[in-house]
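Have a look at the structure below before the remarks.
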Amino acid sequence: MSISRADIEKVAVLARIKVDGEQVSALEKDLGNILDLVDQLSAADTDSVEPMAHPLDAVQRLRPDVVTETNQREAFQSIAPATEDGLYLVPKVIE
Amino acid sequence: MQWDIVIGLEIHVQLATKTKIFSGSSTAFGAEPNTQANAVDLAMPGTLPVPNEQAFRYAVMFGLATNAEIGRRSMFERKNYFYPDLPKGYQTTQLAQPIVGPGHVDIDLADGSTKRVRIHHAHLEEDAGKSLHEDYHGMSGIDLNRAGTPLIEVVTEPDMNTAEEAVAFAKKLHSLVTSLGICDGDMSQGSMRFDVNISLKPKGSETLGTRTETKNLNSFRFMEQAIAHEVERQMDILEDGGTITQETRLYNGDRDESRSMRSKEEANDYRYFPCPDLLPVEIDDAFIEDARARLPELPDARKARFKEQYGLNDYDAGVLSGDARLAAFFEETLEHGKDAKLAANWIQGEFSARLNAEEKSVAESPISGAQLGALVTRIADNTVSSAGAKKVFEALWSGENDNVDAIIDAKGLKQVSDTGALESMVDEVLAGMPDQVAQYQSEDDPKKRKKMLGGFMGPLMKASKGQGNPKLFNEILVRKLAG
């Protein structure tokens with residue numbers, strides 16, 4: 001299975017990763033190889049196998065609705081690049 | 001050309017849990033920014049989500065109340081998109097196996113008919129944070145307190161054909177979730193948000209047209225306007241021979257304008273996949289039966305009971321049963337003032353008008369049901385006239401005094417209902433108005449007579465310093481004037 005340059009460029013945009021022309025060629029080859037490897041799985045007959053939601057054969061434990069977290073804003077914001085008035089600041093996002 | 005309008009809704013309902021869907025952070029509204037956003041909510045490396053049992057309980061209660069199948073085994077997917085108010089870079093949501101399967105809700109329409117709207121499914125997911133676009137040195141501010149608040153997203157089938165039906169469904173859903181107590185229903189704070197899918201097709205055609213989605217409508221009025229606006233926009237395009245582009249649109253209620261949200265469309269490749277951090281959730285019979293046992297009286301049952309128990313008409317019963325808090329207020333009023341029709345009129349009239357004027361919810365009312373009930377009692381037993389009762393209501397509302405009887409005494413609003421005293425006042429007034437009496441007595445038209453009675457009421461109210469019982473005055477007048 002191969003992956004096209006257009007696919008790579010689209011995924012890069014969606015993931016907000018900047019990829020230049022040369023890198024796209026290299027990724028085309030590398031990702032193609034990985035997909036070929038994974039593709040070998042399709043040789044297995046899975047007609048009678050139910051799709052798996054999770055590799056562990058277990059069910060999710062639920063948590064009671066009780067507040068357990070305390071305010072640690074100061075600690076979290078000490079590692080943020082920019083904050084003001086308790087807000088995290090990010091490059092302008094407006095539609 | 002005649003067109004059929006096809007409308008489907010997606011409704012985000014914020015669940016009234018104490019904590020977030022995947023962490024023990026508080027969801028209380030109005031906290032300082034980011035004081036309720038902790039390691040899991042901020043997507044710190046190494047953290048793992050643990051689902052909130054109450055969110056599942058509320059979702060199951062919703063499913064039971066909408067006649068739906070409950071997803072006994074549900075799972076979570078990741079919906080990937082990039083936005084700074086979503087720290088993980090994906091929203092944890094449900095796609096393949098939602099907690100609530102197909103169900104339905106019946107809506108009452110203005111013409112007295114009932115329509116069934118099918119619900120495709122409802123799923124659990126997390127809310128995002130809030131972006132504040134005021135200028136922070138050319139940057140945006142992010143508050144993640146809301147990030148991770150549990151939501152159920154309710155997705156209907158395209159079963160509605162008018163704005164009226166869509167709004168009726170939205171109101172019914174609001175009534176249901178507030179009655180269930182699973183959502184505070186406060187739309188101004190975004191507790192319920194509506195996305196409307198609209199398409200047109202030639203009248204009678206079987207094939208659906210291309211639809212658009214208008215997102216994030218947070219009031220019933222805006223929803224109605226947005227539908228009218230979008231229907232007209234699509235009709236103009238189609239009648240000019242154009243085609244509709246499938247897109248997401250934003251509606252600006254203040255300007256009655258909408259525009260395309262193109263950026264959202266470009267990124268509309270969510271690359272869903274099962275969330276490896278969460279195992280499938282299994283809901284057993286005991287959990288479902290426990291949720292069923294917690295179901296309170298629902299709006300339809302309450303409406304029927306209000307008609308039966310209090311003799312209300314269909315309209316009054318519908319209004320008073322629709323909102324859980326208004327219904328509770330009505331019943332509290334009735335505990336203290338037995339006249340149901342009078343209580344219903346006061347709640348729908350003066351009380352609702354004042355709430356609307358001051359943009360208050362029932363919970364924020366400065367007067368209690370017990371106080372209004374006490375007032376209703378005094379109106380019913382003729383202690384105060386309706387004009388006097390309005391003055392008592394004002395005094396209660398402004399907090400001038402909290403006791404109905406004390407207000408009536410202090411303001412001298414007690415009606416004189418002593419017939420002896422009233423009769424002598426009538427005699428006195430009639431003696432002073434011989435011309436009008438003669439005119440009345442020579443009039444044969446009962447309608448004109450009735451009107452002429454009003455001419456005596458003014459002087460009578462003056463003679464009684466406004467305290468005469470108007471109803472009794474009226475009776476005595478008619479009797480005396482008849483000779």
| request: Kindly express, to the nearest 10 degrees and within the range 0 to 90, the angle between helix B:163-180's C-alpha long axis and the longest C-alpha principal axis of chain B. | output: 90
| message | Once each part is reduced to its C-alpha centroid, what is the distance from segment B:399-441 to segment A:1-25 in angstrom? | response | 88
| task | Evaluate peptide B:132-145: per residue, the Cβ atoms of other protein chains within 10 Å of its Cβ; return the mean as an integer. | result | 5
| note | Quick calc, the protein assembly as shown, dipole around Cα centre from Cβ unit charges on Lys, Arg (+) and Asp, Glu (-), nearest 20 debye, gives 1740
| How fast does segment B:352-410 diffuse by Stokes-Einstein, in µm²/s, taking the Kirkwood radius from C-alpha pairs at 10 °C and 1.306 mPa s? | 136
| Using the alpha-carbon atoms, what tilt in degrees (0 to 90, nearest 10) does helix B:419-431 show relative to the longest principal axis of chain B? | 70
| request: Grab every C-alpha pair in chain B, bin the distances at 20 angstrom width from 0 up to the longest one, and report whole percents. | output: 19, 42, 25, 12, 2
| query | So for B:ASP445, B:ASP402, fewest C-beta neighbours within 10 Å to most, what's the order? | reply | B:ASP445, B:ASP402
| Where does each of B:165-175, A:43-53, A:11-21 land if you order them by average Cβ count within 10 Å, highest first? | B:165-175, A:11-21, A:43-53
| message | Distance cut-off 27 Å, Cα to Cα: go down the list B:LYS171/B:LYS307; B:LYS338/B:LYS391; A:LYS29/A:LYS92; B:LYS341/B:LYS391 and report the pairs above it. | response | A:LYS29/A:LYS92
| Can you give the calculated 222 nm mean residue ellipticity of the protein assembly as shown, where each DSSP H run of n ≥ 4 adds -39,500 (n - 2.57) and the sum is split over every residue, rounded to the nearest 500 deg cm²/dmol? | -12000 deg cm²/dmol
| note | Sorted largest first, the Cα spans of the protein assembly as shown on the principal axes come out in Å as 112, 61, 55
| request: Mind pulling the per residue volume of the convex hull built on the Cα atoms of segment B:297-410? Å³ is fine. | output: 92
| Where the centroid of each part is defined by its Cα atoms, how far is segment B:1-70 from segment B:458-479 in Å? | 60
| Where does the Debye-calculated log10 I(q)/I(0) of chain A sit at q = 0.13, 0.18, 0.19 Å⁻¹, using only Cα point scatterers of equal weight, no solvent? | -0.94, -0.95, -0.97
| said: Inside 10 Å of the C-beta atoms of A:73-81, what's the mean count of C-beta atoms belonging to other chains? | reply: 3
| request: First check a/c for segment B:3-290, with a ≥ b ≥ c the square roots of the eigenvalues of its C-alpha gyration tensor; if it is under 1.5, answer rounded, and if not, answer prolate when a/b is larger than b/c or oblate otherwise. | output: oblate
| remark: Tilt, helix B:386-398 to longest principal axis of chain B (alpha-carbon atoms), in degrees rounded to tens, equals 40
| message | Please compute, for peptide B:52-62, the average count of beta-carbon atoms on other protein chains lying within 10 Å of each residue's beta-carbon. | response | 2
| note | Pairs over 24 Å Cα to Cα, from A:LYS18/B:LYS215; B:LYS447/B:LYS471; B:LYS79/B:LYS172; B:LYS447/B:LYS480, come to A:LYS18/B:LYS215; B:LYS79/B:LYS172
| task | Among B:HIS12, B:HIS133, rank each residue by its count of other Cβ atoms within 10 Å, from fewest to most, as a rough exposure measure. | result | B:HIS133, B:HIS12
| Within straight cross-link reach of B:LYS203, meaning Cα distance under 23 Å, which lysines are found once same-chain residues fewer than 8 apart are removed? | B:LYS115
| field | Linear extension gain, B:THR210 paired with B:ASN401, 0.36 nm per residue minus alpha-carbon span | value | 62.8 nm
| If each of A:LYS92 and B:GLU69 carries a label point 7 Å out from its Cα toward its Cβ, how far apart are those two points in nm? | 5.0
| How many angstrom lie between the C-alpha centres of segment B:292-350 and segment B:84-119? | 27
| task | With a cut-off of 18 Å, note down the residues of segment B:212-226 whose backbone N falls inside the zone around a label point 7 Å from the Cα of B:ASP236 toward its beta carbon. | result | B:212-214, B:225-226
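No lab work stands behind these numbers, since they all come straight from the coordinates. Predicted, not measured: the structure shown is a model, and the values here were computed from it. When we count neighbours, we look across all protein chains shown, and the Cβ atoms used for this are built from the backbone with ideal geometry, even at glycine.
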